[in-house]
Structure formats: structure tokens, C-alpha cells
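Below you'll find the structure, written out as C-alpha cells, and then a few comments.
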Amino acid sequence: MESSARRDSPLMTPREIYERLDRFVIGQEAAKRAVAIAAHNHLKRIQARRLRRTSLLKKSNILLIGPTGSGKTHIARNLAEILSVPFTTVDATEYTEAGYYGKDVEVMVADLLFKANHSVEDTQRGIIFIDEVDKIARRSQGARNGAGSRDIGGEGVQQALLKLLEGREVFVPMNVTQTFNRGDFVPIDTRDILFICAGTFSDLHEYGGNVDSRPLGFGAQDVQKVHRRVTTKQLVDFGMLAEFLGRLPVVVQLELLGEPELLRVLTEPPDSIIREYRELLGLDGIELELTEDALREVVRFSIDKGLGARGLRSILEHVMSDVMFEAPEHRRHQVTVDQDFVRSRLAGLEASAGLGA
């Protein structure tokens, strides 16, 4: 793999990691800086261990907190590309406490092993992105000492993840589809695997995450959210174990992307959606032009429905479906998508989905 080839190359500085992240991730400046620092420290820790130096460096596992479509998965995936390490995304809700029906947490390491082409060495330097981590919060808020009924998909999963996050040698199945076959296991050391956990923590405002700031005076109608830094106490009250949070020392909060950021998401990154559509239609000899008003209409629809950046693709898929269907029949000409066309398509989308007022 490329990661093996680059193993002896000079370590990238936090600024270099940040600048490469900045090409693909729009907005979230504070989050990109924090992730770049954590990634740099992670690389230094791996290097020190490879040189067999005695080191006090601890793992820089990351917890990303932010609304849907704010770029949590996007940041993690691009970080893995920048560092040239194996990367896998898993959903925390798929796992259960050991001994119950469902996936054991070791299976997520097996997923990473598969992505690394079964190279143990590369696997032990990879990144595991655990999404929906807020869904494994403690479900019974009363039993704080572990007494009472078992919480096999919440607190039980947090307990099972502790050993992976901290760094242990675990036995993982070679074949992720046959976890019941106890013969094909391989030991993996998770001490150098970077874990990035993410969740929306959408109910965190009940524990003091946001505070309404209501303007005073006549005609004052706008309600603004004053964002405070989420504290460990708020996360514990939410249902996360203190031991679990202690193994995620880097906590990064992402903001909701506004209209200017979402417009940039559509057009600026090298892998932007608009560039992809232009390339697709270009293969049929068609030049695609989308007006700025048309793009703003797509962005406003995404904001109104609370979809964030993740919803932009599905919205554009609907808007462009007729153009893509008819494109091969009308070669070598230009297609312009304007605001009126987008509005008519989105009106049909609201009607078919029952989203109208």
C-alpha cells in the first residue's frame, strides 16, 4: 500500500495537514485545526514507538460533535487520504455488548483489516471512524453504578469500546462475514489505531449545550443560538461514560453550515458535486452551466429541510434527473439550469414527498 511506501517520509506539520484538509473541507476552521494537531501528534507517537523510544505520548482519539451534514465524516475520510492510512466507517448502533446477538466491537477492527488488504502492519496505523456514537449513550439514566437491567446496545457498547480506544491487543476475525468461525482470528494491536468518534448529540441543548438569546424591543423576532463549549459534565449527563470520554481527549465542535459555506461546498472542492455533473455531461459532449441563483435555490432548500451538506447531492440528483436522462440524445450543445427550472423541480419534490406547507 501507499502507506507503507510513505512510512519513512518526513512528518507533515499541523499546518500542512490543515492546508490539505482545507482544499476539500469547506468551513469548520476550528475543527480542521484541532484535527490537524491531533493527527500530527498521532504521527509523532507512531514514529516514536517505531523507533522504540520510551514515550509519554498518549493516543489523540477525537470526538466530533456537530449537526447532520456539517462535515464530520468528510473530515475523517479526507484525513485518512492525507495520511495515506487505511480507513473504515462503522455505525455504533450495529454493535452490542459481548455475549449478545449482534456485532462485537472487535468486528470494526476486522473491517479495517479488510480495508488494509489484510496487512496487520498497515491496519495498526489506520483510522476507524465510529459514527452515531451519541446513540450508544446510557439508556437508563437512573442506574449510574452499573446495577439494574443490562444496557447491551448503549452503556454496554461503551464499556466494550474502552479497551479498543485505550489500546490493547485484540483478536479479530479474518473474515468479517463469518464472525462465528473461531478458527480464523488474528491478533491486532490497537495502540496506534486512531479512533474518531462522531455524533449529533441533538438533545444536548437540554443539558445546557445551547442557550436561546432573544433580542429585546419592538419588532424583535429573530432567535439566535449562543453556542457554548460542550463540557464533559454535559456529555456525562447526556449518558456518556466518563471513562469513555476520558479516552477521547480531543473534543471538536462543528457548526451548522450556512448558505455561503454550502454554496462553496457545491463548487469549490476538487471533488465538488457540480464538477462531477459537468464531467458526466462533458462525456456526452454537453457543456453544463448552472446559474448562481439556481445554486442558491438548492442551498436554501437544503437549509430549510435541515439537510446540511449531505442533502445537497440528493437534491441535485432530483433536479438534474431529466437533464441526465435526455443528455445522451442531444449531443454537442449547452444546457443551462436556472432558478426557475430548479424551483419547478423542487416544487415537485415537495409535493411527492408530502413536504409542502
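Scanning the range 330-344 for residues that are surrounded by 12 or more Cβ atoms within 10 Å (Cβ to Cβ) and modelled with pLDDT under 85 gives a single hit, 330. Please enumerate the residues belonging to the range 272-281 that are within 19 Å of the chain's Cα centre (by Cα) and in contact (Cβ under 8 Å) with a residue 40 or more places away in the chain. Passing the criteria: only 273. From the set of residues in the range 57-67 that are in a loop (DSSP other than H, G, I, E, B) and surrounded by 15 or more Cβ atoms within 10 Å (Cβ to Cβ), which is modelled with the highest pLDDT? That would be 61. Comparison of 260, 269 shows that the only residue that is in contact (Cβ under 8 Å) with a residue 24 or more places away in the chain, farther than 23 Å from residue 349 by Cα and within 23 Å of the chain's Cα centre (by Cα) is 269. Would you be able to say whether some residue in the range 231-241 is at pLDDT 50 or above, under 19 Å from residue 35 (Cα atoms) and surrounded by 19 or more Cβ atoms within 10 Å (Cβ to Cβ)? No.
Would you check if there is a residue in the range 213-226 being in contact with a strand residue (DSSP E or B) (Cβ under 6 Å, 6 or more places away or on another chain), modelled with pLDDT under 55, assigned by TED's automatic domain parsing to the domain that holds residue 38 and closer than 22 Å to residue 64 by Cβ? Yes: the range 213-226 contains one or more residues that are in contact with a strand residue (DSSP E or B) (Cβ under 6 Å, 6 or more places away or on another chain), modelled with pLDDT under 55, assigned by TED's automatic domain parsing to the domain that holds residue 38 and closer than 22 Å to residue 64 by Cβ.
Restricting to the range 37-51, and then to whatever is surrounded by 20 or more Cβ atoms within 10 Å (Cβ to Cβ) and not aliphatic (A, V, I, L, M), can you tell me which residue is modelled with the lowest pLDDT? Filtering the range 37-51 for residues that are surrounded by 20 or more Cβ atoms within 10 Å (Cβ to Cβ) and not aliphatic (A, V, I, L, M), the one modelled with the lowest pLDDT comes out as 42.
Per the conditions (1) over 21 Å from residue 124 (Cβ atoms); (2) modelled with pLDDT under 90; (3) in a loop (DSSP other than H, G, I, E, B), the sole criterion not satisfied by residue 26 is (2).
In the range 333-357, the residues that are on the phi < 0 side of the Ramachandran plot and among the charged types (D, E, K, R) reach residues that are part of a loop (DSSP other than H, G, I, E, B) and at pLDDT 75 or above with C-beta atoms within less than 7 angstrom, at least six apart or across chains, in these pairs: 338/291.
Here is a yes/no grid of residues against (1) under 25 Å from residue 81 (Cβ atoms); (2) over 20 Å from the mean Cα position of the chain (by Cα); (3) surrounded by 16 or more Cβ atoms within 10 Å (Cβ to Cβ):
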residue	(1), (2), (3)
255	yes, no, yes
290	no, yes, yes
297	no, yes, yes
300	no, yes, no
303	no, no, yes
307	yes, no, yes
312	yes, no, yes
322	no, yes, no
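Only one entry of 54, 88, 96 meets the criterion of being polar (S, T, N, Q), at pLDDT below 85 and within 30 Å of residue 138 (Cβ to Cβ), and that entry is 96.
Residues in the range 282-303 that are under 30 Å from residue 67 (Cβ atoms) and free of Cβ contacts under 8 Å to residues at least 40 places away in the same chain: 292, 295.
The values are calculated or read from the model by the stated rules, or taken from the named source; none is laboratory data. Just so you know, these numbers come straight off a predicted model, no measurement behind them. Every residue, glycine as well, gets a Cβ built from its backbone with ideal geometry; the counts of neighbours run over all protein chains shown.
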